[in-house]
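These notes are about the structure you will find just below.
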Amino acid sequence: MVGGRKTSDSLKVGALVRFENVGLRYGMGPEVLKDVTFGIEPNSFQFLTGPSGAGKTTLMRLLFLSLKPTRGLITLFGRDVSSLDPDEVAVLRRRIGIVFQDFRLLDHLTTYENVALPLRVLGKEETSYRAEVTELMHWVGLGDRMNVLPPVLSGGEKQRAAIARALIGRPEFLLADEPTGNVDPTLARRLLRLFVELNKSGTSVLLATHDIALMDQFDARRLVIADGRLYVYE
Amino acid sequence: MSMNSPQLAEKEAKTAPAPARRKASRKAQGSIVPRATVAGRALVAVVAIMTFLASLTLGTVMAVRATAETWRSDVAREVTIQIRAGDPAAVDAQVKAATEIAQRTPGIGEVHVLSQDETGRLLEPWLGTGLDFSDLPVPRIIVLRLDPSQTADLARLRRTLTDKIPTASLDDHRSWSRRLGSMAEGVMATGIGLLVLVAIATVLSVVFATRAAVATNRTIVEVLHFVGARDGFIAAQFQRHFLKIGTQGGLLGGLCASAVFLAIASLPRLGFGGDPENPSILTWLYPGLLGFAGIAVLVLLVAGVTALTSRMTVYRTLRTIQ
């Protein structure tokens, strides 16, 4: 762990993401997130960690606009998320790449079609993005798995397909939820290198993980959730 | 995407069985919503049955309307003068006088006095054959055919007849015409009611099928949302499937109904119900070109309504999935 400075004053003007005193409760239950305040800068890399059930997934859902906060203010790319209509949410999501722990690949589409999905939903012609998708798939090591359906891919291949799908739209902000949760340590290291490379090419990365060993391999900011509260270690 | 490769392509498990590879998938992209999970055949059958019933109703309404119109114009082309029975010599004179009055009236094309034999044939359904009508007070009937090129002043003819021949009366068949008209209107109103019910049943079937399809494909909908798909894009994916289902079902139902009408229309050629005076089977049940055009429009409507209903249902369902 590098730094170790506990802070709650990490808001800056021009941040990709700003959370100010955000609280969230499900229904009439207790607050699962309490007074969460932090920001994510362009070109930054951070880990999100904390024990199971601490609220990591809930925070991720708030970040990719799957949930709205019960209280507080969230701004994403300078927009207050509470005032967005469904179409505006869709447009903002195109600027965010998401890698799910369970991959969420569509089993009836080939790996190539899964990776190309974000471009397809933009209404682009297949011929206009074929070369780009093919290049990216070679880049993540799936060049010879393009016409294969996801059920027959290995765990590592599925993970890379999910990452390629998150990257194909050239997102400004990449969210990855436990991307190394289903892979062996060697592949986990490779995936971390991939995220670092992405960060170097200008994408802000938030990597949710509870793998301390993985975090120790790269010196980056850490957002730690415990009992619904967020602690930022620069 | 120009990035430096981190060389992640190192030997991962590459043991995919051959059948899992989709041939030429990059040429023809797979459907985003898998066809198998959209309630396919059952809904095609439901839409086909609904379209069949709607087409039968529409065709029957059109046939009844056309037939009633024909009957009404037949009835309206003729009027009759009735001379009450009485002293035969006086009745003959009254018939002659009435015939002359009718012949002088503009708009009357042909005047025909029914003979006793012809009158007897008219009464056969009620009184049977072999009766001697000379003992019965049977009125004399004069049939007047109207000249379609002119308008006869029937009110004036009625006044003239009753002034000069008190035992004469003119029947212009208005009550029959009115009854036929109200019968046709009643059938049409019933038909429209049935069409509305069939339409509601079709829409409800499509709504439930669409909801089921969205629920089955909820994961796909979520993934589409997360990769930035607008609701319109997602709705269009479902709408395309339901348009196909609506078109298939609509065509099947419409063609079956048309086949039924054509089969009925061909019965006289096969020797059934060919006598126009005795249409014992439903040979009059022919919707005509307008009816078949109506069935074609109905098929298009069913396909359109199916697609539109699914689109609206998907939109509504998507509001609950964000």
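Read-outs throughout are calculated quantities, based only on the coordinates presented, and are distinct from any laboratory measurement. Just so it is clear, the structure is predicted and the values come from calculations on it, not from any experiment. A quick note on method: Cβ atoms are made from the backbone with ideal geometry, for glycine too, and the neighbour counts reach across all protein chains shown.
Side notes on the structure shown:
- Charges were assigned to the Cβ only: +1 to each Lys and Arg, -1 to each Asp and Glu. The resulting dipole of the stretch A:105-170 about its Cα centre is roughly 180 debye.
- In sequence order, calculated HN-Hα J values of the stretch B:123-129 (Karplus, 6.51, -1.76, 1.60; Hz; x Gly/Pro): 8, 3, x, 9, 10, x, 9
- Relative packing of peptides B:260-271, B:51-62 - highest average C-beta neighbours within 10 Å first: B:51-62, B:260-271
- Whole-Hz couplings from phi, Karplus 6.51/-1.76/1.60, listed for the stretch B:62-67; x for Gly and Pro: 5, 5, 4, 4, 5, 5
- Positive end of the dipole of the protein assembly as shown (Cβ unit charges, origin at the Cα centre): among B:Phe233, B:Val206, A:Asn43, the Cα lying farthest that way belongs to A:Asn43.
- Evaluating 6.51 cos²θ - 1.76 cosθ + 1.60 at θ = phi - 60° for every residue in the stretch B:93-104, the Karplus couplings come out as 5, 5, 4, 4, 5, 5, 4, 5, 4, 5, 5, 7 Hz, glycine and proline recorded as x.
- Between 0 and 90°, nearest 10: helix B:231-265 axis offset from chain B longest Cα axis: 30
- Proximity of backbone amide H atoms, modeled 1.01 Å from N, is registered between A:Leu48 and A:Leu207, A:Ala208, A:Thr209, A:Leu223 at under 5 Å, excluding neighbours fewer than 5 places apart on the same chain.
- Anisotropy class of the stretch A:36-106 from Cα gyration tensor, a/c 1.5 cut: rounded
- Dipole-positive endmost among B:Ser115, B:Ala152, B:Leu127 within the stretch B:85-166 (Cβ charges, Cα centre): B:Ala152
- Packing here is the average count of other Cβ atoms within 10 Å per residue, and on that basis the peptides B:106-113, B:122-129, A:174-181, B:208-215, highest first, run A:174-181, B:208-215, B:106-113, B:122-129.
- Relative to the Cα centre, the charge distribution of the stretch B:117-191, modelled as +1 at Lys and Arg Cβ and -1 at Asp and Glu Cβ, gives a dipole magnitude of about 380 debye.
- In degrees, nearest ten, helix B:174-216 long axis to first principal axis of chain B (Cα): 10
- Around the Cα centre of the protein assembly as shown, unit charges on the Cβ atoms of Lys, Arg, Asp and Glu (plus for the first two, minus for the last two) sum to a dipole of about 2140 debye.
- Projecting the Cα positions of A:Ala54, A:Leu109, A:Gly156 onto the charge dipole of chain A (unit charges on Cβ atoms of Lys, Arg, Asp and Glu, taken about the Cα centre) puts A:Ala54 furthest along the positive direction.
- Averaged over peptide A:110-119, the number of partner chain Cβ atoms lying within 10 Å of each residue's Cβ comes to 4.
- Between helix B:288-318 and chain B: long-axis angle, C-alpha atoms, 0 to 90°, nearest 10: 30
- GNM on chain A, alpha-carbon springs under 10 angstrom: the most fluctuating residue among A:Ala213, A:Ala162, A:Ala116 is A:Ala213.
- Kyte-Doolittle mean at least 0.0, axial Cα span of 15 Å or more - DSSP H helices of chain A: A:185-200
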